[in-house]
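So the structure is just underneath, and the comments pick up after that.
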Amino acid sequence: MTSEKSFIGNVELVRSSDGFKLNENVIINVKFSIMGTLREAWNEKNWENAYNKHDNVFKLKYGVKLYTGGLRKREVGKPQDTYRKAAIFWTRSPKLTQIAERKIWVQIAKNFEPFIPRTQTEAQEMLLDFDEKMEFGASELGEGKHKIGVEVFVSWLKHDYTESFSEKAHSEEIEIEVTK
């Protein structure tokens, strides 16, 4: 492993528009990734070792909270608090395992919907890359220019292939304008 620890990286806000009317909804996508040791350790070899030790479920809890910038920070919109879950299972499907003698693979649940990735890289992306759509009424901000920031929180428990983790990260603030 090349990294010393896991961390939240590439936190950014992507707005659907620079300006919004007072009666419209503001839509902002929050993008971030888990980098470091967990990303490197999330591979077929470690899935097999964990499965053999009956450590076959990985649950990653995360939260996303938008706030207005400036002197008096306050929450805007409804914060998101959810999780992603990965189940490590035995399979006979030759299409799934990349190495013929291995028979262990993963299923990842994003927002309670299960997916079976085709490759190890796709499994890493499904579990560890986030693009969350946040929406709130522009009237919540009021007229004028506003700075919007985000706080993301990620945690998981100790497993055979990773230590426990709990961390918060913030993005750079973006500016949006609300008009009548």
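Quick note: the coordinates plus some simple rules give every number you see, no bench work behind them. Since the model is a prediction, treat every value here as computed from it, not as a measurement. Reconstructed Cβ throughout: ideal geometry from the backbone, glycine too, with neighbour counts over all protein chains shown.
Of the residues H54, N23, V152, the one whose Cα sits farthest towards the positive end of the charge dipole of the chain is H54 (charges of +1 on Lys and Arg Cβ, -1 on Asp and Glu Cβ, taken about the Cα centre). Straight-line cross-link partners of K53 among the aspartates and glutamates, defined as a Cα under 17 Å from its Cα and at least 8 positions apart when in the same chain: E44, D160, E163. Across the chain, the longest run free of exposed loop sites, meaning GluC sites (Glu not before Pro) lying outside DSSP classes H, G, I, E and B with no more than 13 other Cβ atoms within 10 Å, spans 5-100. Applying 1/(1 + (r/R0)^6) with r as the Cβ-Cβ distance of A87 and K5 and R0 = 22 angstrom yields a FRET efficiency of 0.30. What FRET efficiency, computed as 1/(1 + (r/R0)^6) with R0 = 22 Å and r the Cβ-Cβ distance, is obtained for L22 and K147, rounded to the nearest 0.05? After rounding, the FRET efficiency stands at 0.80.
Just to confirm the filter: which trypsin sites (Lys or Arg not before Pro) across segment 133-165 are DSSP coil and have at most 13 other Cβ within 10 angstrom of their Cβ? Qualifying residues, ordered by number: K158. Counting only lysines at least 8 places from K180 when in the same chain, those with an alpha carbon closer than 16 Å to its own are K21, K145. Listed cross-link partners K65/K103; K61/K147; K59/K133; K103/K168 are compared with a 31 Å cut-off, the Cα-Cα value being larger for K65/K103; K103/K168.
Taking only the C-alpha atoms of the chain, Rg followed by Dmax gives 19.3, 64 Å. If a paramagnetic tag sat 7 Å from the Cα of R118 along the Cα-Cβ line, which residues of segment 34-52 would have the backbone N under 19 Å from that point? Within reach of a label on R118: 44.
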